[in-house]
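Asker: The structure follows.
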Amino acid sequence: MKRVFIVSAILLLGLTSVSNAALRLGGKFGVNFSNVAAKNVSGIDYKTRTGFGIGPMALIDFGAASPLALRAELLFVQKGAKFTNPAGDGTLKNDEIVLAPFLLFKFAAAKASPFIEIGPEVGFNTLAEVDAPGEQQSITDKWKSQNYSLNVGAGVLLPLGGSALEFDARYNLGLVDLSDYSSANDMDNEPELKTNGFQVFVGYYFFGL
């Protein structure tokens, strides 16, 4: 899995070598409606946790003649889920620094550039804890340090003279089990937890090169 993501990132970033490509630099902020897909977990009902994402980004545009563009993001993203169990309500907090390259497919338009986007994501865990009434417990030792996921979405780019405004929405699909529990009694029924989320972002490109 790790090799697949590394190779994908290298191939996407390699597109920047195209001589007629234009570079835009900017930043983005958005909301992440995150949840957890759980397997072999009983007595716990997971619900959406609303978090945020923020960070810099860069766009490589191959020109009006090409339907392709490349965007790379380095974001802080709050993931995890809220949950309910027999003991009460709580929150599973999983925050990450994510590196996400995207391949964009643009559609011709007069004043805006709609696009669809797809790309891998590598996340580096910065926080893994469970918050419940009267209790806050770190689960870093039971949570994997890296996460791998896939982003698929759509958006629109609005040119503003030398700058540009971008809106995009995507689904982040977790591909790996993040729980690092071990059960000597029943290895076939270890808990499996994957984070998923629907994300909405607003971005602004300050200038182009």
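Asker: Would you work out the charge dipole size for the chain about its Cα centre, treating the Cβ of every Lys and Arg as +1 and the Cβ of every Asp and Glu as -1, and quote it to the nearest 20 debye?
Answerer: 780
Asker: Taking the Cβ-Cβ separation of S66 and K39 as r and a Förster radius of 35 Å, what is the calculated FRET efficiency to the nearest 0.05?
Answerer: So, using R0 = 35 Å, E works out to roughly 0.25.
Asker: Right, something else. Among A64, V77, V156, which residue has its Cα positioned farthest towards the positive end of the charge dipole of the chain, with +1 placed on the Cβ of Lys and Arg, -1 on the Cβ of Asp and Glu, and the dipole taken about the Cα centre?
Answerer: A64
Asker: With springs only between Cα atoms under 10 Å apart, run a GNM on the chain and tell me which of A21, A64, A81 wobbles the most.
Answerer: A64
Asker: Moving on. Give me the percent of DSSP beta bridges within the chain that run antiparallel, rounded to the nearest 5.
Answerer: Rounded to the nearest five, the antiparallel share is 100 percent.
Asker: What's the whole-number percent of alpha carbon pairs in the chain lying beyond 30 angstrom?
Answerer: Counting every Cα pair in the chain, those more than 30 Å apart make up 29 percent.
Asker: Enter the angle in degrees (range 0 to 90, nearest 10) between the Cα long axis of helix 2-14 and the first principal axis of the Cα atoms of the chain, meaning the one along which they spread out most.
Answerer: The helix 2-14 is inclined about 20 degrees to the chain.
Asker: Among D180, D61, what is the fewest-to-most ranking by other Cβ atoms within 10 Å?
Answerer: Numbers: D180 16, D61 22.
Sorted ascending by nearby Cβ count, the order is D180, D61.
Asker: Return the calculated 222 nm mean residue ellipticity for the chain, to the nearest 500 deg cm²/dmol, obtained by summing -39500 (n - 2.57) across DSSP H runs with n ≥ 4 and dividing by the residue count.
Answerer: Roughly -2000 deg cm²/dmol at 222 nm, from the helical runs in the chain.
Asker: Which ³J(HN,Hα) values in Hz, rounded to whole numbers, follow from the phi angles of the stretch 126-136 under the Karplus curve 6.51 cos²θ - 1.76 cosθ + 1.60, where θ = phi - 60° and Gly and Pro get x?
Answerer: Working through the residues one at a time gives 10, 7, 9, 8, 10, 10, 9, x, x, 8, 9 Hz.
Asker: Between D180 and residues 5 or more places away or on another chain, which pairs have amide H atoms under 5 Å apart, with H built 1.01 Å from N, and which residues are they?
Answerer: W143, K144
Asker: Can you check what the Kirkwood hydrodynamic radius comes to for the stretch 35-78, Cα pairs only, in Å to one decimal?
Answerer: Taking every pair of different Cα atoms in the stretch 35-78, averaging 1/r and inverting gives 14.3 Å.
Asker: Efficiency by 1/(1 + (r/R0)^6): what FRET value for A110 and K144, r their Cβ-Cβ distance, R0 = 41 Å, to the nearest 0.05?
Answerer: 0.30
Asker: For D131, D45, what ranking results if the residue with the fewest other Cβ atoms within 10 Å of its Cβ goes first?
Answerer: Ranking D131, D45 by Cβ neighbours within 10 Å, fewest first, gives D45, D131.
Asker: Could you give the size of the charge dipole of the stretch 67-174 about its Cα centre, using +1 on the Cβ of each K and R and -1 on the Cβ of each D and E, expressed in debye and rounded to the nearest 20?
Answerer: Charge dipole of the stretch 67-174: 400 debye, to the nearest 20.
Asker: Could you list, in their original order, any pairs among K82/K144; K39/K82; K106/K194; K47/K106 whose Cα atoms are separated by more than 23 Å?
Answerer: As for pairs spanning more than 23 Å Cα to Cα, those are K106/K194; K47/K106.
Read-outs throughout are calculated quantities, based only on the coordinates presented, and are distinct from any laboratory measurement. Note that the structure is a prediction, hence the values are computed from the model and not measured. Note: ideal-geometry Cβ built from the backbone for every residue, glycine included; neighbour counts use all protein chains shown.
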